[in-house]
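Here is the structure we will look at.
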Amino acid sequence: MLALFLSAAILMMLSASPLDAFSLILSGAFGSWAKLAYVMTAWAPVLLCSAGLLITFAAGLWNIGIEGQVVMGAVFATGLMRILQDSVPPSAVLMLAALAGLSGGALWGMLVGGLRRYGNVNEIFGGLGLNFIAGSLTVYLVLGPWKRPGIGSTSGTEPFPPSLWLPPFRDFQASPIEIILGLIAIASVAIALRGTHFGLQLRAIGKNVKAAFLKGIAVDRNIFLSFGLCGALAGLTGWILIVGTSARHNLYPLISSGYGYLAILVVLLANLKALWSVPISFFFAAISMGSLQLPLQRQLDSSLGGVIQGMLVLSILVIHGIRSRWLRREG
Amino acid sequence: MNYSEHSLSFVFFLSSMKVELRDIQKYFGPVHANDGVTLTVEPGTLHGLLGENGAGKSTLMKVLSGFLSPDRGEILLDGKVVRFHSPTEAVALGVGMLHQDPLDFPALRVIDNFLLGSPREFLLDRKRHKSRLNELADRFGFRFDPEARVFDLSIGERQQLEIVRLLALGANVLILDEPTTAISAQQRENLFDALYQLTKEGKTVIFVSHKLGEVKSLCSKVTVLAHGKVTGEAATDCPTEELVKMMFGQALTVGKRCEMNLGEPILELQDLTLSDWRLEVKGLSLKVRAGEVVGFAGLEGSGQELFLRGCAGLLKPSTGRIRIAHQDMTGRPYRDFIEAGVGYMPAGRLEEGLIEGMTLAEHMALTERNPPFFIDWAMTEEKTSQRIEAFNIKGQPTTLVEGLSGGNQQRTLLSLLPPQPKLLLMEHPTRGLDMESTEYIWRLLQARTQQGTAILFTSSDPEELLDRSDHILIFFAGKVRMMDTCGASLFHLGELIGGKGFE
């Protein structure tokens with residue numbers, strides 16, 4: 001409620017009718033099948049990234065580097081597809097590219113873990129640095145070795161042919177494979193955190209590293225693994241951003257489009273609860289896509305969607321903080 | 001007012017300050033740390049405050065220096081009632097405290113540490129402050145390089161820096177809390193000379209210590225605290241026996257564990273040297289047999305923790321060898337020590353022992369060695385219920401550990417240890433527990449020793465040490481002496497803890 005109120009206040013300052021804007025966002029998200037499909041294509045990446053972040057957050061780690069991990073997944077997938085597209089059947093190319101994406105992201109994630117473990121670099125700074133490197137790498141690839149024949153432009157590499165796209169579901173321009181992968185990822189993470197020794201150990205590390213270590217838990221190995229797993233899911237996201245039904249089907253700078261950061265907000269809002277991050281990520285995807293309508297129909301910037309999402313998370317965190325402070329005073 | 005004149009005035013024109021504490025009461029939860037302490041320190045004197053671990057010395061001094069506020073009672077400086085809300089206010093009114101471990105900023109330079117907390121200046125005139133620092137240091141025979149980093153300094157030098165800083169801030173009363181635990185003999189000489197010099201200039205010094213010899217040689221008057229109360233006040237020419245009695249009471253507790261029915265050597269230490277940033281324990285050799293209980297006495301931070309962590313494999317020795325059950329474990333990782341049957345129980349139950357936000361059953365699942373991939377929750381809960389019963393824990397498998405009382409947390413920690421450890425290393429196993437819980441914990445532990453577990457534990461309660469151990473290791477500023485408990489009296493232990501035979 002606080003978030004709605006605050007975003008309404010901001011809209012008012014921009015001399016726009018809040019109700020009008022909200023309804024525009026809603027119709028932008030759900031107004032037609034095509035629009036809903038669009039929301040779905042945004043939902044899958046957020047779901048996958050949220051699943052990965054649930055793992056690192058459980059271990060008490062801030063994997064800001066998830067953006068770079070998405071990018072590296074996309075880079076690895078693209079690279080493999082460029083090599084194999086003319087020699088191997090398309091479905092095999094797609095599968096192998098998914099694996100390449102997974103390993104690219106995992107590699108980038110474990111690099112964050114390695115920097116933390118051996119270089120004493122906090123994962124926030126390590127992740128941030130690697131995000132920049134991944135971003136620069138795409139620019140280099142797009143303008144250099146992988147540039148389109150004849151023209152070198154930052155708009156991206158040569159798009160892949162439709163045979164290398166994930167198939168749509170009849171007319172619905174979103175592949176069920178993407179959504180299913182995302183939901184499977186969330187479900188497996190939920191089960192792993194609750195029902196496996198690995199998940200339990202990660203949660204113990206997140207809550208009290210010292211005690212976890214004294215209990216004989218292999219803290220370093222588990223942290224390393226959690227970065228790797230999160231990176232792998234992020235890498236799979238990168239693959240979807242290349243081959244997804246509504247994707248641009250090529251590698252371009254900023255391909256991660258902030259999905260990783262958005263997922264951080266989702267997981268924070270879900271208070272690290274796996275199941276809650278399913279509806280929340282859907283909601284966020286809807287706001288993101290819906291707000292694209294704002295500049296088209298009113299002279300408002302589409303970044304307003306981001307404002308609303310940010311407000312939502314901030315107000316929840318503030319309320320949570322105030323409540324726990326209040327509880328402590330009571331107790 | 002011009003700042004430099006101001007600073008000169010309080011450095012060079014001194015006024016002695018009389019300190020009075022009246023009926024100071026301080027509780028920490030159920031623990032009554034100060035129970036109506038009344039104390040007068042005459043201006044310009046060196047006053048000793050003597051007492052055992054946990055007697056309430058540090059609490060009292062933290063109250064006097066504004067780190068803690070008393071639950072009741074008042075503080076008078078030169079006859080005027082004062083109330084501090086922070087150490088800064090206390091220093092502004094003239095009371096400065098030097099803590100056992102220096103509260104400084106190791107990453108900063110000497111000069112920056114010196115300037116911290118000084119009255120605010122927007123732009124620092126570093127040159128002038130440097131000469132001020134050097135001047136003060138010279139007066140007390142200290143020597144610093146203002147541009148050196150504090151972490152390159154020894155503990156003794158860091159104390160000296162802290163003294164100079166407090167003086168520059170205008171402290172007239174200087175409290176030193178156990179300042180000689182981690183410094184060299186030479187630095188101690190320097191420190192004592194400086195303290196004499198301070199009283200000559202009219203400062204009042206309160207010297208907090210458990211070391212009888214030091215207090216006797218340094219101070220003119222001494223107040224003894226025990227169990228949060230003043231148990232005596234004396235001029236320091238009074239005989240040592242009197243002071244020991246004031247510290248430990250008249251109780252005639254005598255060690256009763258005489259029947260030695262010990263097995264194989266479990267822990268063998270050979271010429272072990274352990275050190276951390278503040279202390280070094282050198283040349284330790286020790287043999288502990290199955291079923292033996294060894295207690296560690298001495299002021300906290302005199303090397304006991306180092307020793308336990310060394311035996312647990314958490315701290316690698318710089319020289320020497322560790323053998324556990326005839327197996328050389330020197331330099332092996334902590335997990336190998338666990339595999340070898342070593343159980344380590346840290347003092348901080350919720351800080352290092354248990355994991356806040358997790359249930360008893362989850363803790364149980366965490367202790368499983370070489371677990372399968374999936375957790376069998378039903379089996380884990382059943383196992384937890386069994387342990388809850390066996391260890392008399394008031395809780396359910398689904399209870400969060402922070403919801404348990406201290407005694408139940410301690411029993412939980414014990415219940416989580418492997419059932420047949422070869423060696424148990426415990427920091428303060430009964431600290432903060434009531435009599436009944438303490439008794440219960442020891443019954444559990446003694447049942448273990450019957451089955452051949454060797455136990456090393458630290459405690460700040462001399463009676464517990466005498467009652468429960470076969471041998472006591474007394475730690476004194478990194479040095480160690482061994483004492484047989486059979487027939488030994490509390491008085492004898494008290495003398496050793498106070499430093500007899502160490503110097």
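Every number in this text was worked out from the coordinates using simple rules, so none of it is lab data. The structure displayed is predicted, hence computed values, not measured ones. Here Cβ is always computed from backbone atoms with ideal geometry, including for glycine, and neighbour counts include all displayed protein chains.
With semi-axes defined as the square roots of five times the eigenvalues of the C-alpha gyration tensor, the equivalent ellipsoid of chain B measures 44, 25, 24 Å, largest first. Values of log10 I(q)/I(0) for the protein assembly as shown across q = 0.07, 0.09, 0.10, 0.11 Å⁻¹ run -0.73, -1.04, -1.15, -1.24, by the Debye formula with one identical scatterer at each alpha carbon and no solvent. Placing unit charges on the Cβ atoms of the charged side chains and taking the dipole of the range B:3-248 about its Cα centre, the candidate lying farthest along the positive direction among B:A235, B:L116, B:S154 is B:L116. Pairwise Cα separations in the range B:157-220 fall into 10 Å bins from 0 onward with the following percentages, short to long: 20, 60, 19, 0. Here the range A:193-266 and the range B:335-395 have alpha carbon centers that stand 27 Å from each other.
Taking every DSSP bridge with both residues inside the protein assembly as shown, close to 55 percent are antiparallel. For the set B:K18/B:K216; B:K200/B:K221; B:K245/B:K500; A:K215/B:K394; B:K26/B:K394; A:K215/B:K422, the pairs lying more than 18 angstrom apart at their alpha carbons are B:K18/B:K216; A:K215/B:K394; B:K26/B:K394. Hydrophobic long helices, here whole DSSP H runs in chain A with Kyte-Doolittle means of at least 0.0 and Cα atoms spread over 20 Å or more along the helix axis, are found at A:33-58, A:66-84, A:90-119, A:123-143, A:176-195, A:219-243, A:304-330. The stretch between B:K287 and B:R143, if pulled fully straight at 0.36 nm per residue, gains 47.5 nm over its current Cα-Cα span. Each Lys or Arg adds one and each Asp or Glu subtracts one; over the other residues with Cβ under 13 Å from the Cβ of B:A194, this totals -1. Peptides A:181-192, A:68-79, A:133-144, B:231-242 ranked from most to least packed, by the mean per-residue count of other Cβ atoms within 10 Å: A:68-79, A:181-192, A:133-144, B:231-242.
Could you point to the residue in B:Q410, B:T359, B:Y344 farthest towards the positive end of the protein assembly as shown's charge dipole, with +1 and -1 charges on the Cβ of Lys/Arg and Asp/Glu respectively? Comparing the listed Cα positions along the dipole, B:T359 ranks first. Rounded to the nearest 20, the Cβ-based charge dipole of the range A:17-320 about its Cα centre (Lys and Arg +1, Asp and Glu -1) stands at 660 debye. Using a cutoff of 8 angstrom between alpha carbon atoms and counting only pairs six or more residues apart, the relative contact order for chain B works out to 17 percent. Model label sites at B:E339 and B:K394, defined 7 Å from Cα along the beta-carbon direction, differ in position by 4.1 nm.
Overall, the protein assembly as shown carries a charge dipole of about 1600 debye about its Cα centre when +1 sits on the Cβ of Lys and Arg and -1 on the Cβ of Asp and Glu, all other atoms neutral.
Take each residue of peptide B:356-363, count the partner chain Cβ atoms within 10 Å of its Cβ, and average: the result is 3.
Packing, as the average of other Cβ atoms within 10 Å across residues, places the peptides B:336-345, B:361-370, A:89-98 in the order B:336-345, B:361-370, A:89-98, highest first.
Per-residue shielding of B:334-343, expressed as the average number of other chain Cβ atoms within 10 Å of the residue Cβ, stands at 1.
Averaging Cα coordinates gives a centre for the range B:137-188 and one for the range B:58-119; these two points are 16 Å apart.
Listed peptides A:43-52, B:70-79, A:229-238 appear in the order A:229-238, A:43-52, B:70-79 once ranked by packing, highest mean of other Cβ atoms within 10 Å at the front.
Translational diffusion of the range B:3-248, estimated by Stokes-Einstein from the Kirkwood radius over alpha carbon pairs at 20 °C in a medium of 1.002 mPa s, is 117 µm² per second. Here the dipole of chain B is about 600 debye; that uses its Cα centre as origin and unit charges on the Cβ of Lys and Arg (positive) and Asp and Glu (negative). If I take every Cα pair under 8 Å that is 6 or more residues apart in the range B:3-248, average their sequence separation and divide by the length, what percent do I get for the relative contact order? Taking the mean separation of contacting Cα pairs over the length of the range B:3-248, I get 30 percent. Simple rule: put +1 on each Lys or Arg Cβ and -1 on each Asp or Glu Cβ in the range A:17-320, find the dipole, and look at A:L137, A:G182, A:T78; the Cα lying farthest toward the positive end is A:G182. Summary of the geometry: the range A:73-133 and the range A:270-328, compared by the centres of their Cα atoms, lie 28 Å apart.
Residue by residue along A:210-221, Cβ atoms of other protein chains within 10 Å of the local Cβ number 5 on average. Hey, with R₀ at 60 Å, roughly what FRET efficiency would A:S87 and B:F374 work out to, going by the Cβ-Cβ distance, to 0.05? E(calc), rounded to 0.05, equals 0.90.
In this label model, A:L272 and B:L123 are separated by 4.9 nm, measuring between points 7 Å along each Cα→Cβ vector. If R0 is taken as 22 Å, the Cβ-Cβ distance between B:S220 and B:E189 corresponds to a FRET efficiency of 0.70. Across the range B:265-497, C-alpha contacts under 8 Å between residues 6 or more apart give a mean separation that, scaled by the residue count, equals a relative contact order of 29 percent.
Overall, the anisotropy analysis places chain A in the oblate class: the square-rooted eigenvalues a ≥ b ≥ c of its C-alpha gyration tensor yield a/c not less than 1.5, with a/b not exceeding b/c. With both labels modelled 7 Å from their Cα along Cα-to-Cβ, the A:E158 to A:D301 distance reads 3.8 nm.
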